[in-house]
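**Student:** I'd like to ask some things about the structure below.
The values are calculated or read from the model by the stated rules, or taken from the named source; none is laboratory data. Everything numeric here is computed off the predicted structure, so don't read it as measured data. Reconstructed Cβ throughout: ideal geometry from the backbone, glycine too, with neighbour counts over all protein chains shown. SASA here: full protein model, heavy atoms, side chains in, ligands and nucleic acids out. Shrake-Rupley method; radii C 1.70, N 1.55, O 1.52, S 1.80 Å.
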Amino acid sequence: MADAKVIPFDDDRSRGGAGSGGAGRRRGSGGRRKEAGEAVPVREVQPLPVPAEEPEPDPAPRPADLGGLERRLAGGLAFLRRRLTGDYEVDDFGYDAELTDQVLMSLLRPVYEKYFRVEVKGVENIPAEGGALIVANHSGTLPLDGLMMQVAVHDHHPAGRHLRLLAADLVFVLPVVNELARKLGHTLACAEDAERLLGEGELVGVMPEGFKGIGKPFSERYKLQRFGRGGFVSTALRQGTPIVPCSIVGAEEIYPMIGNSRTLARLLGFPYFPLTPTFPWLGPLGAVPLPTKWTIQFGEPIPTDGYPPEAAEDPMLMFNLTDQVREQIQHTLYKLLVQRRSVFF
């Protein structure tokens, strides 16, 4: 038996079948046999596919974030402790500055910013310090305009001043409302309280139209009612403080007053009982104000420190200054109404 012939593994002939005549040789070799000592080409090794990395988990809160949260939590607990122990201060009028800043203003601010979307103009006309009397128009069936004006002054004035509003007697006989009004810094609309606040350098707000303005029918919207006897002018003259006119557009439409039930008003002891397109027909839902777009503009201050002390007793001077303030507010109202694109936008 003939000796078996050993075929190397890498020989091209091992890939061809019998009788193939070498047809199975690797293409590109040109049929040339590798010489001894010739380098064998090495195939490039492809890297194995790397599995996709899983997303990293959210980073843990940074120490600075935790520190801010801890400070807020500690501040809140300290506030509650002071409330429970009575370790807080109120002035002679019942004004609670801490409660106003941390709680009451925080409750009013979403209504101011998101619901009525109040735009403020001319806030630089309010003095940065010292007493001043802000005189504004009054409307809207419920006195929300005074509260929005209070937020506007506090949040937009560079000095963050607080506005002390003069309110009607009715406010201080209603349960709950009385306490909240006192905490917010409101006081009775009388000359004695107003003069004392102005003398202490406070910013005082007054709406001379009173119930005549807030309870007027919708057909008379943005038409200023009589400004009383000019008592606010006399107060400003005695203290020598400037008068800042303020015009508010948007409040007239929150509760369009189309009627007044005088019988119910007398039974309840109210100056009027409003009938609107939604109240009382829709029950509690009808008490929700319409989301109108508001503009509050503070006008140029009218100085009073140049008058002699006896000027506060001059009826003609008080009449002229009262009329000047009223006309400036009315003119600004008309100007803002012309510029307004829509009641709601």
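**Student:** Here are Glu179, Glu252, Glu195, Glu220: which of them is within 25 Å of the chain's Cα centre (by Cα), open to solvent by 40 Å² or more (accessible area, probe 1.4 Å) and not small (Gly, Ala, Ser)? It would help to see each step written out before you state the result.
**Tutor:** Values: Glu252 fails: open to solvent by 40 Å² or more (accessible area, probe 1.4 Å); Glu195 fails: within 25 Å of the chain's Cα centre (by Cα); Glu220 fails: within 25 Å of the chain's Cα centre (by Cα).
Checking each option against the conditions leaves just Glu179.
**Student:** Condition first: part of a helix (DSSP H, G or I) and among the polar types (S, T, N, Q). Can you find one or more residues in the range 185-202 that meet it?
**Tutor:** no
**Student:** Looking only at the range 154-174, decide whether some residue is of a type outside the set (A, V, I, L, M), within 30 Å of Arg238 (Cα to Cα) and surrounded by 21 or more Cβ atoms within 10 Å (Cβ to Cβ).
**Tutor:** There is at least one residue in the range 154-174 that is of a type outside the set (A, V, I, L, M), within 30 Å of Arg238 (Cα to Cα) and surrounded by 21 or more Cβ atoms within 10 Å (Cβ to Cβ).
**Student:** In the range 313-336, what residues are under 20 Å from Ile296 (Cα atoms) and open to solvent by less than 50 Å² (accessible area, probe 1.4 Å)? Talk me through it step by step, then tell me what you get.
**Tutor:** Filtering the range 313-336 down to residues under 20 Å from Ile296 (Cα atoms) leaves 324-336.
Hits for the range 313-336 are Val325, Ile329, Gln330, Thr332, Leu333, Leu336.
**Student:** Tell me whether the range 89-102 contains one or more residues that are within 20 Å of the chain's Cα centre (by Cα) and at positive phi. Please lay out each step first, then the result.
**Tutor:** Of the range 89-102, the ones within 20 Å of the chain's Cα centre (by Cα) are 97-102.
Now restrict to residues that are at positive phi: none.
Scanning the range 89-102 turns up no residue that is within 20 Å of the chain's Cα centre (by Cα) and at positive phi.
**Student:** Among the numbered conditions (1) surrounded by 12 or more Cβ atoms within 10 Å (Cβ to Cβ); (2) touching a residue at least 40 places away in the same chain (Cβ under 8 Å), tell me where Asp305 comes up short.
**Tutor:** Result: Asp305 fails condition (1) only.
**Student:** Quick one: which of Leu336, Leu290 is at pLDDT 95 or above and part of a loop (DSSP other than H, G, I, E, B)?
**Tutor:** Leu290 is the lone residue from the list that is at pLDDT 95 or above and part of a loop (DSSP other than H, G, I, E, B).
**Student:** Looking at the range 94-140, which of the residues that are among the polar types (S, T, N, Q) and touching a helix residue (DSSP H, G or I) at 6+ places or on another chain (Cβ under 9 Å) is most open to solvent (accessible area, probe 1.4 Å)?
**Tutor:** Among residues in the range 94-140 that are among the polar types (S, T, N, Q) and touching a helix residue (DSSP H, G or I) at 6+ places or on another chain (Cβ under 9 Å), the one most open to solvent (accessible area, probe 1.4 Å) is Gln102.
**Student:** I need a count of the residues in the range 293-322 that are part of a loop (DSSP other than H, G, I, E, B) and of a type in the set (Phe, Trp, Tyr).
**Tutor:** Adding up the residues that qualify gives 2.
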